[in-house]
Structure formats: C-alpha cells, structure tokens
Amino acid sequence: MMPNIPETIACMLAATSIGAIWCSCSPDFGEQGVLDRFGQIDPKLYITCDAYWYNGQLQDVSAKVKVVSGALKIPVMVVPYAGDAPTLAAALADGCTLADLTAPYEAKMVEFQPLPFSHPLYILFLPVRPVYQNASSIQRAAPFFNT
C-alpha cells in the first residue's frame, strides 16, 4: 500500500531480485479493497507508507494499516513518507520501519537471482482477476527505454 515514491520502486526491485512476486495497491484503497486483493495472493510481507498526500491534504493511513495488518497476520514494514513511521510500526503486532529492517545491512549492488523467463515478477489486479506479469512485459517495454 504505497504511493508513487522512489522507495516503492526500490522495494519492488528488491523483491524481484530474490524471486519474490511484487504486488501493490494505492494507499487510497479502502481496507476491504486492500484485503480483497492481498487476500488472494498470500503475501509474506506487507509494505506500507505511514501517510500520503492527496490534493494538498495529508491522508493518515494508520487506522487502515492496523486493520489490514491485523487481518493479514504477516510482518509489516512501514516506509516513512508523510507521517510518523516509527509510531505506526510500534503500534503493530509485527511492525518495523524501513530503517529498522535495513539497519543491520550495508548498502551494496543488487544481485538478481537468475529465474526462468516465465517466472512472475508482479501481480497487476484488473477489475476481473489478478494478472501475473513476467519478464515478457519488460521485454515489450524495452524499446521505450532505449535512447
């Protein structure tokens, strides 16, 4: 449940580097919308922001995060963005902040695990069903990145 920020991209790349499948939804989704999507895929880690900005207004998501994390019953990593990540993480049964999770490690280049071309990278939820995307989606987009 992350907004469009650099940390979201970093988390997605970190997940795919180890062969995990990334799935995300906007922080403006309601509690049931988040649970409907994530409940279908059995996530192992819930990554969320502490708050976000919409139309010049700060949107606190702490109550929503507490409900969703309580229902999913998985570890939660709170990424600081516009609120108070340490306070929100401390209020969760199995919460930590991005800083807490990364503190024991030194920065290094990301090493991607070799995976089959058909291995899913991310799940995109359409109105009807989830769609699993793999390396072919990157291959189709590659011409747009060549300069």
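Listed here are the residues, each with its yes/no results for (1) out of contact with any Phe, Trp or Tyr (no Cβ under 8 Å at 6 or more places or on another chain); (2) surrounded by fewer than 14 Cβ atoms within 10 Å (Cβ to Cβ).
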| site | (1), (2) |
| --- | --- |
| Thr48 | yes, no |
| Trp53 | yes, yes |
| Ala63 | yes, yes |
| Val68 | no, no |
| Ala85 | yes, no |
| Gly95 | yes, no |
| Asp100 | yes, no |
| Ala103 | yes, yes |
| Ala107 | yes, yes |
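Picking from residues in region 33-46 that are in contact (Cβ under 8 Å) with a residue 40 or more places away in the chain and either within 17 Å of Lys66 (Cβ to Cβ) or buried (at least 17 other Cβ atoms within 10 Å of the Cβ) (or both), the one that is nearest to the chain's Cα centre (by Cα) is Tyr46. Among the residues in region 18-28, are any at pLDDT below 95 and more than 30 Å from Glu111 (Cα to Cα)? The answer is yes; a qualifying residue exists. As for region 17-32, it holds at least one residue that is assigned to a loop (DSSP other than H, G, I, E, B), surrounded by fewer than 17 Cβ atoms within 10 Å (Cβ to Cβ) and under 12 Å from the mean Cα position of the chain (by Cα). Does Ser69 qualify as being closer than 22 Å to Gly33 by Cα, touching a helix residue (DSSP H, G or I) at 6+ places or on another chain (Cβ under 9 Å) and among the polar types (S, T, N, Q)? Answer is no for this residue.
The values are calculated or read from the model by the stated rules, or taken from the named source; none is laboratory data. In this text, all values refer to a predicted model and were calculated from it rather than measured experimentally. Note that each Cβ is placed from the backbone with ideal geometry, even for glycine, and that neighbours are counted across all protein chains shown.
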